[in-house]
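Working notes, beginning with the structure itself.
The values are calculated or read from the model by the stated rules, or taken from the named source; none is laboratory data. All of these numbers come straight from a predicted model, not from anything done at the bench. When we count neighbours, we look across all protein chains shown, and the Cβ atoms used for this are built from the backbone with ideal geometry, even at glycine.
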Ligand code: UN1
């Protein structure tokens with residue numbers, strides 16, 4: 001099937017063995033602009049078990065050749081992909097805003113995160129892939145090296161339609177794996193554009209396969225396919241735990257990134273203006289739809305009134321609208337189901353007797369009625385055990401929780417099942433480090449909000465946020481490689497380890 005480059009609603013296929021093909025079942029689903037639901041971005045193949053079967057077969061066939069391609073040459077493909085992403089950054093950013101809704105500056109940042117990953121991984125292609133370790137025996141050399149796993153499945157969310165696929169696909173490919181990629185059903189077009197770029201950059205047919213569709217159809221088939229040796233998933237805790245159970249039964253590797261209930265701690269000595277800037281960006285940037293979003297503000301009672309007043313004033317001035325309009329601060333939420341879910345949490349907060357300071361309703365005036373807009377929502381007097389302080393809402397809803405002191409704030413911050421990103425605001429270096437040492441999360445920020453991870457550092461969380469893996473950074477290849485240990489005995493005689501060492 002020919003891949004159209006125009007933006008009008010066309011029908012797009014799956015990428016299987018280097019060809020774009022309609023789903024075997026012939027069904028399609030639509031991707032809509034969340035700022036204007038009547039705008040259809042395209043009709044996409046509704047992949048099923050049969051399409052996954054085709055994609056995995058193509059990956060299995062292509063993987064050995066790709067593994068034998070020298071790593072620096074595999075890296076060249078990523079370098080070219082990075083250059084193509086850079087050339088098309090503006091166009092991709094605009095497309096992302098139309099498909100996912102985030103404001104254009106943020107969409108450009110999302111594409112930039114993909115470019116950064118491409119460059120970083122391209123550089124990794126000439127870095128060491130193992131270690132040489134001394135042997136206890138003479139005339140014997142030992143080393144351990146990373147080798148690919150084989151075929152890996154990458155399942156990505158809609159909130160970072162370019163960055164997260166790049167975090168997964170690029171290290172997986174660099175390591176010499178073949179990939180079957182199942183992007184979120186809300187953002188298939190950005191995923192297709194990325195796949196096209198990787199193909200244009202020189203990936204051989206079958207090394208990357210893309211199947212669009214629904215999680216419980218294409219996604220589930222990918223996870224349970226016996227030839228898929230590892231699964232990398234970013235998404236909800238509920239789905240992640242199902243995937244982990246399936247992978248556990250089948251004995252395959254799985255890495256999970258399942259969100260957070262991230263908090264900003266504001267100490268009594270904090271620079272309040274800086275903290276308010278951070279809370280606004282961390283809480284309402286990307287309309288709160290980041291797994292790193294600052295959804296709890298844990299504020300020392302001594303400064304609570306002042307902080308809250310300043311924040312409320314700023315929240316009241318946030319402008320909702322289409323992300324392509326430069327005047328917009330906060331874009332739509334991804335779909336009408338999420339809109340209802342976010343609103344249901346407002347009801348929960350009220351029932352729990354948290355105090356609603358602002359927002360708490362669907363925005364329907366003028367053009368906003370055409371899309372999925374929710375007013376930036378701020379609750380205060382929130383207690384740590386309330387559901388709105390425990391559950392990931394994934395929308396523009398932020399809770400303020402009072403704390404007696406920094407120790408109390410740390411206790412509250414650690415008191416959820418998640419552990420992705422926590423931030424502390426203080427002017428005192430000793431207090432900052434005191435908190436850093438006690439906060440239970442994969443990422444900690446000092447005097448910066450909980451969002452804004454950079455790709456050259458490990459990304460991931462503790463507790464329910466994941467299962468111990470880290471994406472990006474120096475840990476990027478861990479998810480996608482096995483270790484092979486090699487012993488070479490060139491002594492010409494049998495040497496027994498632990499015995500012929502002359503020590504006993
Ligand atoms: C996510 O929300 O899943 O640190 C990823 C950040 C971004 C990545 C977020 N760089 O907020």
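Okay, residues lined up against (1) assigned by TED's automatic domain parsing to the domain that holds residue 34; (2) in a loop (DSSP other than H, G, I, E, B); (3) under 12 Å from residue 262 (Cα atoms):
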position	(1), (2), (3)
369	no, no, no
378	no, no, no
383	no, yes, no
398	no, no, yes
402	no, no, no
408	no, no, no
413	no, no, yes
417	no, yes, yes
422	no, no, yes
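Restricting the search to the stretch 240-267, which residues are more than 16 Å from the ligand (Cβ to nearest atom) and assigned to a strand (DSSP E or B)?
If the condition is that a residue be more than 16 Å from the ligand (Cβ to nearest atom) and assigned to a strand (DSSP E or B), then 253, 254, 265, 266 are the ones that fit.
When the residues of the stretch 90-106 are narrowed to those that are more than 18 Å from residue 40 (Cα to Cα) and under 19 Å from the mean Cα position of the chain (by Cα), which ends up surrounded by the most Cβ atoms within 10 Å (Cβ to Cβ)?
Among those that are more than 18 Å from residue 40 (Cα to Cα) and under 19 Å from the mean Cα position of the chain (by Cα), it is 103.
Being surrounded by fewer than 21 Cβ atoms within 10 Å (Cβ to Cβ), more than 25 Å from residue 68 (Cα to Cα) and assigned by TED's automatic domain parsing to the domain that holds residue 161 is the requirement here; does residue 239 meet it?
Yes.
In the set 149, 115, which member is within 17 Å of the chain's Cα centre (by Cα) and on the phi < 0 side of the Ramachandran plot?
Within the list 149, 115, the selection yields 115.
When residue 127 is evaluated against the numbered criteria (1) crowded, with 20+ Cβ neighbours inside 10 Å; (2) without any contact (Cβ under 8 Å) to a residue 12 or more places away in the chain, which criterion, by number, is the only one it fails?
(1)
It is to be established whether one or more residues within the stretch 124-140 are within 16 Å of the ligand (Cβ to nearest atom), assigned to a helix (DSSP H, G or I) and over 15 Å from the mean Cα position of the chain (by Cα).
no
Got at least one residue in the stretch 322-340 being in contact with a helix residue (DSSP H, G or I) (Cβ under 8 Å, 6 or more places away or on another chain), outside any helix (DSSP H, G or I), under 27 Å from residue 268 (Cβ atoms) and modelled with pLDDT of 95 or more?
No, the stretch 322-340 has no match at all.
Can you tell me which residue is nearest to residue 319 (Cα to Cα) among those in the stretch 277-302 that are more than 16 Å from the ligand (Cβ to nearest atom) and in contact with a strand residue (DSSP E or B) (Cβ under 9 Å, 6 or more places away or on another chain)?
The selected residue is 297.
Does residue 300 qualify as being crowded, with 19+ Cβ neighbours inside 10 Å and in contact (Cβ under 8 Å) with a residue 60 or more places away in the chain?
yes
What strands (runs of 3 or more DSSP E) lie completely within the stretch 1-89 and have 2 or more residues being over 14 Å from residue 192 (Cβ atoms)?
Strands (runs of 3 or more DSSP E) meeting the threshold: 28-33, 36-45.
Taking the stretch 447-463, which residues are more than 15 Å from the chain's Cα centre (by Cα) and either surrounded by 18 or more Cβ atoms within 10 Å (Cβ to Cβ) or within 10 Å of the ligand (Cβ to nearest atom) (or both)?
449, the sole residue that qualifies.
Please work out if residue 404 is within 13 Å of the ligand (Cβ to nearest atom), touching a helix residue (DSSP H, G or I) at 6+ places or on another chain (Cβ under 9 Å) and under 26 Å from residue 377 (Cα atoms).
When the stated conditions are applied, residue 404 does not pass them.
Can you find even one residue in the stretch 173-194 that is in contact with a strand residue (DSSP E or B) (Cβ under 8 Å, 6 or more places away or on another chain), under 24 Å from residue 68 (Cα atoms) and assigned to a helix (DSSP H, G or I)?
Looking for residues that are in contact with a strand residue (DSSP E or B) (Cβ under 8 Å, 6 or more places away or on another chain), under 24 Å from residue 68 (Cα atoms) and assigned to a helix (DSSP H, G or I), one finds at least one in the stretch 173-194, hence yes.
Considering each residue of the stretch 216-239, count those that are closer than 16 Å to residue 183 by Cα and within 16 Å of the ligand (Cβ to nearest atom), and give that number.
Residues meeting the conditions: 6.
Can you name the number of the only condition in (1) within 20 Å of residue 244 (Cβ to Cβ); (2) outside the structural domain of residue 229 (by TED's automatic domain parsing) that residue 471 fails?
If we test residue 471 against (1) within 20 Å of residue 244 (Cβ to Cβ); (2) outside the structural domain of residue 229 (by TED's automatic domain parsing), just (2) comes out false.
Of the residues in the stretch 382-408, how many are surrounded by 15 or more Cβ atoms within 10 Å (Cβ to Cβ) and farther than 24 Å from residue 235 by Cβ?
Within the stretch 382-408, residues that are surrounded by 15 or more Cβ atoms within 10 Å (Cβ to Cβ) and farther than 24 Å from residue 235 by Cβ number 9.
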